[in-house]
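A short write-up of the structure that comes next.
The values are calculated or read from the model by the stated rules, or taken from the named source; none is laboratory data. Computed from a prediction, not measured in an experiment: that's the story for all the values here. Methodologically, a virtual Cβ is constructed for each residue, glycine included, from the backbone with ideal geometry; neighbour enumeration extends over all protein chains shown.
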Amino acid sequence: MGSLRRALALVVLFVSFAGVAEGQEKAKVGVLKLSSSAVLFAGVEKGFFKEYGVEPELVYFQAAAPIATALAAGQIDVGATGLTAALYNIVLGGEKLWIVADKGREWPGYPLTAIIVQKDLWEGGAIKSVADLKGKRIGVTQLGSTFHYHLGNVLEKHGFSLSDVKVVPLQAMPTVLEALKGKQVDAIALAQPFPARAEADGFGKILAWGGDLFPYQTATIFYSHKFASDRARAVNFMKGYVKASRYYHDAVLVQKDGRIAPGAHYDEVLSITAKYTGASPAVVRVGFPYQDRNGRLWTADIEKQMTWWQTHGFMKSVIPLKQIVDASFLEAAVRTVPE
């Protein structure tokens, strides 16, 4: 009889642990080690996602486009990165995924992407403005990337085009930075903390910040079709994200008289971002990218981006917004999460 009780106890224990494991199933989130991922880093570190029953497992990538590919292949549940031509083309190819929330914008006064030039070229007077980039070799991660899009629009705004420079795709962000350091390219386009790191290490000079030249919705949270289909779980993820977004915004984005007025949790967000990106606090402190306090998208700009990619031969057609954007997960979370 004692043996039977012990056996039953073991079965109950096994079932209990199985239930806990199932309840703690992680959502795999594809992410880059950039300051624009600070909201996610803070949400994980502070337990905001766990509070709503979802635990993100951060899966790190070296460029944005592979995140969209991994999402389509079912290797991750959530993408947290820039809007690329690859992502749009995956949807055009028949794959279902949903852009659901803001994760960072190029915005005036908030550092995200920078055009960084060789320090020697800056000091020698060869490159002092965007106009001086004409004929130069400019490194980006990949063709079709956010950096490619940003560069193209900045050049067009200044009266010339991508055909007036030599765009050099180098695949990964650390490789792009090393190419500038090794003087294999004249300039690069990269996001924080890489620009500040190039200046701190003495080989790069920030020519301009992207948001001051060309504001746009650069990064988003997007869901795989499978993850979005489990609506309760998808909304719960957004609840954690909304809480993290408000926490981030109030800590590091509030301005007073045109300058950042650090909030009560500024140093904590700074420390968390430095920990997850591997950059020093001094480098991270250069600036945090802007995003909407509640994580709401600049939806109209997404359509504008697709039109640009189509015009430049990277997309066959523009996707109707209702087939790629779904703000309902976010809005459900915003209504639920208390201030």
Handout entry: Scan of region 254-284 for residues that are touching a helix residue (DSSP H, G or I) at 6+ places or on another chain (Cβ under 6 Å) and part of a helix (DSSP H, G or I), ordered by number
Key = 266, 269, 270, 272, 273, 274, 276, 281, 283, 284
Handout entry: Criterion violated by residue 277 - all others in (1) among the hydroxyl-bearing types (Ser, Thr, Tyr); (2) touching a Ser or Thr at 6+ places or on another chain (Cβ under 7 Å); (3) surrounded by fewer than 19 Cβ atoms within 10 Å (Cβ to Cβ) satisfied
Key = (3)
Exercise for the section: Being part of a loop (DSSP other than H, G, I, E, B) and touching a residue at least 12 places away in the same chain (Cβ under 8 Å) is the filter here, so list the residues in region 67-88 that pass it. Expected result: 74, 75, 76, 77, 83, 84
Practice task
For residue 245, indicate whether it is outside the structural domain of residue 149 (by TED's automatic domain parsing), without any contact (Cβ under 8 Å) to a residue 12 or more places away in the chain and assigned to a helix (DSSP H, G or I).
Solution key: no
Practice task
Determine if region 312-327 includes at least one residue that is closer than 25 Å to residue 208 by Cβ, assigned to a helix (DSSP H, G or I), in the same structural domain as residue 41 (by TED's automatic domain parsing) and at pLDDT 95 or above.
Solution key: no
Exercise for the section: Could you please let me know if residue 95 is touching a helix residue (DSSP H, G or I) at 6+ places or on another chain (Cβ under 6 Å) and modelled with pLDDT of 95 or more? Expected result: no
Fill in the blank from the handout: Taking region 228-257 and keeping residues over 30 Å from residue 323 (Cβ atoms) and not hydroxyl-bearing (Ser, Thr, Tyr) leaves 250, 251, 252, 253, 254, 255, 256, 257
